[in-house]
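Structure record follows, encoded as structure tokens.
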Amino acid sequence: MTAVPHTTHKKKPSWIRVKAPVSKAYNQTRDLIKSKNLNTVCEAAACPNIGECWAKKHVTIMILGSVCTRACRFCNIKTGRPDVLDPHEPERAAEALAGLGLSHVVITSVDRDDLEDGGANQFAKTIRAIRSVTPETTIEVLTPDFQRKEGALEIVVEANPDVFNHNVETVPRLYPTVRPGARYFHSVNLLSRVKELAPHMFTKSGLMVGLGENKAEIYQVMDDFRAADIDFMTIGQYLQPTPKHHEVMDFIHPDEFNDYETMARGKGFLMVSASPLTRSSYLAGDAFVELKAAREKKMAAQGVFNPSGASSDIDTIAALEPALDF
């Protein structure tokens with residue numbers, strides 16, 4: 001395995017600098033999350049958008065504890081002996097989110113290779129707990145890859161989240177050094193399987209750039225995503241959390257992100273978000289509204305209409321699926 005060099009941080013260009021979070025709304029969100037003893041990927045992964053998102057009450061809850069069983073070389077989340085599974089975590093998450101009054105929520109987790117189901121049942125319980133408290137809230141899950149966890153994916157899909165997200169993170173060639181515990185095609189196939197199980201469910205995946213990939217490799221990932229019927233693709237700049245993490249090989253100019261977005265939209269994704277500060281859950285509620293609108297527009301263009309007027313309705317979309325070219 002190729003060793004990852006320990007380097008100092010490269011100087012960030014002006015287009016990816018963000019202001020420190022200081023707003024009153026940010027502090028209110030932070031205090032509520034802490035009062036419920038919940039983890040967020042926003043904090044654990046040192047997301048640069050935390051100030052903007054929390055000020056707008058966009059939060060990504062991280063379940064299954066705060067310690068990961070994987071050691072991905074891009075990630076700032078702690079690796080080691082995982083936390084004891086908290087049976088009350090789903091209810092606490094639901095209570096916190098009700099307090100925030102969210103219209104859309106993202107639920108993610110650390111990898112839990114130590115659990116027989118990889119944490120799938122905790123995802124399902126959290127989805128159901130949120131729906132029992134705030135039934136109008138739409139739910140997006142950002143899951144691990146559930147490698148060697150037979151039946152885990154089906155457990156999460158059966159709980160019926162509105163969006164199923166799982167990130168490939170980087171191009172296949174870089175997996176040995178960036179994401180050594182994972183397998184690229186397993187991740188792509190996971191999302192393809194979601195569409196087989198639930199054609200109505202939106203699927204989403206993303207990758208980071210600046211890790212040493214080239215454009216041809218990114219275009220190939222786009223093609224792999226479309227072959228798996230993935231609806232929504234995100235592309236963002238990798239930022240090195242500490243000198244011990246994988247080095248930033250390149251800072252990609254915003255114009256290149258625009259080119260990636262143009263190419264991806266041309267390949268048929270319902271939605272694309274590509275910018276230096278794009279993250280998988282960045283302003284996910286706003287993105288979900290746009291995603292539904294894009295599906296409705298595509299349905300209308302194909303002459304397929306929902307008689308009830310709600311083209312995102314689960315039963316109707318599932319019934320119409322054979323007539324749609326997604």
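The values are calculated or read from the model by the stated rules, or taken from the named source; none is laboratory data. In this text, all values refer to a predicted model and were calculated from it rather than measured experimentally. For neighbour counting, all protein chains shown are included, and Cβ atoms are generated from backbone atoms with ideal geometry for every residue, glycine included.
Considering only the range 74-111, how many residues are surrounded by 18 or more Cβ atoms within 10 Å (Cβ to Cβ), part of a loop (DSSP other than H, G, I, E, B) and more than 18 Å from the chain's Cα centre (by Cα)?
The qualifying residues number 1.
Please determine whether any residue of the range 212-234 is of a type outside the set (Phe, Trp, Tyr), touching a strand residue (DSSP E or B) at 6+ places or on another chain (Cβ under 6 Å) and either in a strand (DSSP E or B) or modelled with pLDDT under 95 (or both).
Yes, the conditions are met somewhere in the range 212-234.
Mind checking which residues of the range 202-217 are crowded, with 19+ Cβ neighbours inside 10 Å and either farther than 19 Å from LYS292 by Cα or not hydroxyl-bearing (Ser, Thr, Tyr) (or both)? Quick ask: steps written out before the conclusion?
Just the residues of the range 202-217 that are crowded, with 19+ Cβ neighbours inside 10 Å, to begin with: 202-211, 213.
PHE202, LYS204, GLY206, LEU207, MET208, VAL209, GLY210, LEU211, GLU213 - these are the residues of the range 202-217 that are crowded, with 19+ Cβ neighbours inside 10 Å and either farther than 19 Å from LYS292 by Cα or not hydroxyl-bearing (Ser, Thr, Tyr) (or both).
Find the residue count for the range 174-203, including only residues that are touching a Ser or Thr at 6+ places or on another chain (Cβ under 7 Å) and closer than 23 Å to GLU296 by Cα.
Qualifying residue count for the region: 3.
Applying the selection to the range 258-273, what residues are under 15 Å from LYS204 (Cβ atoms) and among the β-branched types (Val, Ile, Thr)?
Listed by number, the list holds a single entry, VAL272.
Can you give me the number of residues within the range 135-181 that are under 21 Å from HIS200 (Cβ atoms) and β-branched (Val, Ile, Thr)?
Adding up the residues that qualify gives 9.
For residues in the range 52-73 being part of a loop (DSSP other than H, G, I, E, B), modelled with pLDDT under 90 and among the hydrophobic types (A, V, I, L, M, F, W, C), which is surrounded by the fewest Cβ atoms within 10 Å (Cβ to Cβ)?
Taking the range 52-73 and keeping what is part of a loop (DSSP other than H, G, I, E, B), we get 56-59, 64-66, 69-73.
Among the residues that remain, those that are also modelled with pLDDT under 90 are: 56-59, 65-66, 71-73.
Remaining after also requiring among the hydrophobic types (A, V, I, L, M, F, W, C): 59, 71-72.
Working: VAL59: 26, ALA71: 14, CYS72: 20.
Taking the candidates together, the pick is ALA71.
Could you look through the range 159-185, keep only residues that are assigned to a loop (DSSP other than H, G, I, E, B) and in contact with an Asp or Glu (Cβ under 6 Å, 6 or more places away or on another chain), and pick out the one that is surrounded by the fewest Cβ atoms within 10 Å (Cβ to Cβ)?
Of everything passing the filter in the range 159-185, ALA182 is surrounded by the fewest Cβ atoms within 10 Å (Cβ to Cβ).
I'm trying to understand the selection: among the residues of the range 223-239, which are closer than 21 Å to PHE74 by Cα and hydrophobic (A, V, I, L, M, F, W, C)?
To start, the set of residues in the range 223-239 that are closer than 21 Å to PHE74 by Cα comprises 233-239.
Answer for the range 223-239, where residues must be closer than 21 Å to PHE74 by Cα and hydrophobic (A, V, I, L, M, F, W, C): MET233, ILE235, LEU239.
Checking ARG128 against (1) touching a residue at least 40 places away in the same chain (Cβ under 8 Å); (2) over 17 Å from the mean Cα position of the chain (by Cα), only one condition comes out false. Which one?
Tallying (1) touching a residue at least 40 places away in the same chain (Cβ under 8 Å); (2) over 17 Å from the mean Cα position of the chain (by Cα), ARG128 fails exactly one: (1).
For the range 238-264, which residues satisfy the criterion of being part of a loop (DSSP other than H, G, I, E, B) and of a type in the set (S, T, N, Q)?
Here is the first cut: in the range 238-264, the residues part of a loop (DSSP other than H, G, I, E, B) are 238-253.
If the condition is that a residue be part of a loop (DSSP other than H, G, I, E, B) and of a type in the set (S, T, N, Q), then GLN240, THR242 are the ones that fit.
Please work out which one of (1) without any contact (Cβ under 8 Å) to a residue 40 or more places away in the chain; (2) of a type outside the set (D, E, K, R); (3) closer than 23 Å to ILE61 by Cβ is the condition MET299 fails and give its number.
Of the numbered conditions (1) without any contact (Cβ under 8 Å) to a residue 40 or more places away in the chain; (2) of a type outside the set (D, E, K, R); (3) closer than 23 Å to ILE61 by Cβ, the odd one out for MET299 is (3).
Answer yes or no: is there a residue in the range 289-298 that is surrounded by fewer than 20 Cβ atoms within 10 Å (Cβ to Cβ), at pLDDT 95 or above, on the phi < 0 side of the Ramachandran plot and in a helix (DSSP H, G or I).
no
Does ALA159 satisfy the criteria of being hydrophobic (A, V, I, L, M, F, W, C), farther than 26 Å from ALA287 by Cα and within 18 Å of the chain's Cα centre (by Cα)?
Details: hydrophobic (A, V, I, L, M, F, W, C): yes; farther than 26 Å from ALA287 by Cα: no; within 18 Å of the chain's Cα centre (by Cα): yes.
Against the criterion (hydrophobic (A, V, I, L, M, F, W, C), farther than 26 Å from ALA287 by Cα and within 18 Å of the chain's Cα centre (by Cα)), ALA159 does not qualify.
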